Amino acid sequence: MTVTPEEIIARLLYRDGLMLVIDKPAGFAVHKGPKGGESLEDYFGALRFGLPRAPALAHRLDRDTSGCLVLGRHRKALAELGRLFKSGRIAKTYWALVEGGPAEDEGRIDLPLGRKDATRGWWMKHDPQGQPAVTTWKVLARAQLPSGSTAQAVGTDLATSSSPPPCGEGLGVGVDRVSSSESILHHPPPHPSPTRGEGADRASGKDVSQPAANASAGHRLTWLALEPLTGRTHQLRVHCAAMGWPILGDSVYGGAPRAGGPGLHLHAREIMVPLYKNRAPIQVIAPVPPHMQSALRRCGWRDDASG
């Protein structure tokens, strides 16, 4: 995947003297891996805006995850952002479409994670002896698929039929504070009330250590808001798969094909950064990427532009 410096600038969602937030495209690594190759970091020079050094990553997103990516503009800013991320003071909310889904409205997943094996690189698994990993989730909506359809097949059809918006769809350069009435951190959109009973431990906030049964996974989509309380590699993907509702388009932990699938339906939708004392946290929202729009509409999502 290749982008131009102009396209990187057009993806800027927030800018001030300390921090930038850009809308990371899906399918683009944020930094070079062990095998090298093109990465988003290669284009950060276009985001200097008069400073002597290019900005640097304050955290990471997976290659196939889209959305809010925070950059520090100099060493002091990076140190402060690193402290905020490490202490858990930066709130992150992801939107995901999962196959099947939980029976409850909301819940908490507490499953430690460890490396799958040395030959699998960054692939992870649930490991009782691994590092603590905690995710909270909330159902935003559900969609029943047509008879005979599967989530992966419908997701692929929807993704390939979607018309992408022009690069840079979003909130513009130079906005000091970005907010939205659709912020799902505090104002989740209405959604159908799911059936109660099954999996009550998760809904009550008890720790979960076993996957949940999900007999209808291939015939239902669920739109989730996920909030990682820890920052483990592939945490959201492993947690959702372990619960029996893998993220649509996940070819590592779910059932998506290696090529020709619908793309990973995981998006870093919103981030809140308490960067300045005596000021409200900076709130930034990233527009929904093209490959997720049609599947979200099936769940009742309205275009961002419609308010």
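The values are calculated or read from the model by the stated rules, or taken from the named source; none is laboratory data. Predicted model, so just to flag it, every value in this text is computed and none were measured. Quick reminder, even Gly has a Cβ in these numbers, built from the backbone with ideal geometry, and neighbours come from all protein chains shown. Areas reflect the complete protein model, heavy atoms only, side chains present, ligands, DNA and RNA absent. Shrake-Rupley method; radii C 1.70, N 1.55, O 1.52, S 1.80 Å.
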When residues of region 16-33 are filtered for being without any contact (Cβ under 8 Å) to a residue 40 or more places away in the chain and either crowded, with 19+ Cβ neighbours inside 10 Å or assigned to a loop (DSSP other than H, G, I, E, B) (or both), how many remain?
-> 5
In this structure, does ILE9 turn out to be open to solvent by 50 Å² or more (accessible area, probe 1.4 Å) and touching a helix residue (DSSP H, G or I) at 6+ places or on another chain (Cβ under 8 Å)?
-> yes
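Is it fair to say VAL288 is out of contact with any Pro (no Cβ under 6 Å at 6 or more places or on another chain) and buried (at least 24 other Cβ atoms within 10 Å of the Cβ)?
No, not satisfied.
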Could you give me the residue pairs with C-beta distances under 7 Å whose first residue belongs to region 38-55 and is touching a residue at least 24 places away in the same chain (Cβ under 8 Å) and under 17 Å from LYS24 (Cβ atoms), whose second residue is of a type outside the set (A, V, I, L, M, F, W, C) and open to solvent by 50 Å² or more (accessible area, probe 1.4 Å) wherever it lies, and which are 6+ apart or on separate chains?
-> GLU38/THR2; TYR43/PRO5; ALA46/PRO5
